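The values are calculated or read from the model by the stated rules, or taken from the named source; none is laboratory data. If you're wondering where the values come from, they're calculated on a predicted model, not measured in any experiment. When we count neighbours, we look across all protein chains shown, and the Cβ atoms used for this are built from the backbone with ideal geometry, even at glycine.
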Amino acid sequence: MKKLVMIVFLSVFSLTSLAVEEPAPELAEIINFRQYGDRFASAGQPTREQFQTIAEHGFERVVYIAFTNNPNALPDADQVVKQLGMEYMQVPVDFSNPLPDEFYVFADSMERSRNKKTLLHCQVNARATAFSFLYRVIYDNVSVADAKSDMNTVWQPNEVWRDFIFEVLAQNNIDPNCDSCDWTPRDVGN
């Protein structure tokens with residue numbers, strides 16, 4: 001009986017601490033696509049055709065956290081996504097000034113429908129991996145070290161984003177430090 005309980009515990013524990021998974025080849029073609037589990041992924045800007053692929057892979061919701069006037073943004077992405085039968089949500093996040101309330105709007109939508117398969121995206125997956133890091137640590141109990149390691153596969157946050165991440169973690173009484181966590185800011189594009 002003890003062995004069975006331990007196996008169940010380890011199975012449940014491993015589900016809550018999943019790292020980035022290998023995505024389907026078609027999804028891997030999307031800019032910086034990262035699959036965090038069965039119900040959550042992040043990416044850079046998908047093309048019109050890639051939204052079709054996203055729908056074909058069972059995604060039910062697309063959340064865009066950038067502005068529609070970005071050079072490679074699809075101005076009619078909302079219509080494209082809705083026509084494919086998926087829910088569309090946009091939270092415009094200024095890359096140079098992300099706000100905690102913007103993260104909480106995203107997190108609230110995720111929590112209202114936890115089982116809805118969701119793609120979170122921005123332009124290159126910098127904003128989205130930062131939001132993914134926070135969501136996974138705060139709501140999915142993924143360790144800071146694991147979530148940080150996953151975020152680092154896309155980027156090392158600059159000072160603005162590091163400070164934003166630290167602020168949201170502090171609001172949730174979570175320490176951002178870990179043995180393997182390097183929070184030295186790096187400048188990158190959005």
Anything in the range 16-66 that is on the phi < 0 side of the Ramachandran plot, modelled with pLDDT under 95 and either in a loop (DSSP other than H, G, I, E, B) or in contact with a Cys (Cβ under 9 Å, 6 or more places away or on another chain) (or both)? List them, or say none. SER17, LEU18, ALA19, VAL20, GLU22, PRO23, ALA24, ASP38
Looking at the range 163-190 only, could you name the residues that are under 25 Å from GLN123 (Cβ atoms), touching a helix residue (DSSP H, G or I) at 6+ places or on another chain (Cβ under 9 Å) and in a helix (DSSP H, G or I)? PHE164, ILE165, GLU167, VAL168, LEU169
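Please determine, by comparing only the residues of the range 64-79 that are touching a residue at least 40 places away in the same chain (Cβ under 8 Å) and over 17 Å from ALA130 (Cβ atoms), which one is surrounded by the most Cβ atoms within 10 Å (Cβ to Cβ).
So, considering only residues that are touching a residue at least 40 places away in the same chain (Cβ under 8 Å) and over 17 Å from ALA130 (Cβ atoms), the one surrounded by the most Cβ atoms within 10 Å (Cβ to Cβ) is ALA73.
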Are there any pairs with C-beta distances below 7 angstrom linking a residue in the range 106-125 that is hydroxyl-bearing (Ser, Thr, Tyr) to a residue that is outside any loop (DSSP other than H, G, I, E, B), with the two at least 6 apart or on different chains, and if so which? SER109/VAL63; SER109/MET89; THR118/PHE40; THR118/ARG61; THR118/VAL63; THR118/MET110
Go through the residues of the range 93-101 one by one and say whether even a single one is touching a residue at least 60 places away in the same chain (Cβ under 8 Å) and over 26 Å from ALA170 (Cβ atoms). no
Residues that are basic (Lys, Arg) and in contact with a helix residue (DSSP H, G or I) (Cβ under 9 Å, 6 or more places away or on another chain): does the range 134-155 have at least one? yes
Note down all Cβ pairs under 6 Å where the first residue falls in the range 166-179 and is touching a residue at least 12 places away in the same chain (Cβ under 8 Å) and of a type in the set (A, V, I, L, M), the second is exposed (fewer than 12 other Cβ atoms within 10 Å of the Cβ) and assigned to a helix (DSSP H, G or I), and they're at least six residues apart or on different chains. none
GLU87 fails exactly one of (1) surrounded by 13 or more Cβ atoms within 10 Å (Cβ to Cβ); (2) out of contact with any Gly (no Cβ under 8 Å at 6 or more places or on another chain); (3) at positive phi, namely (3)
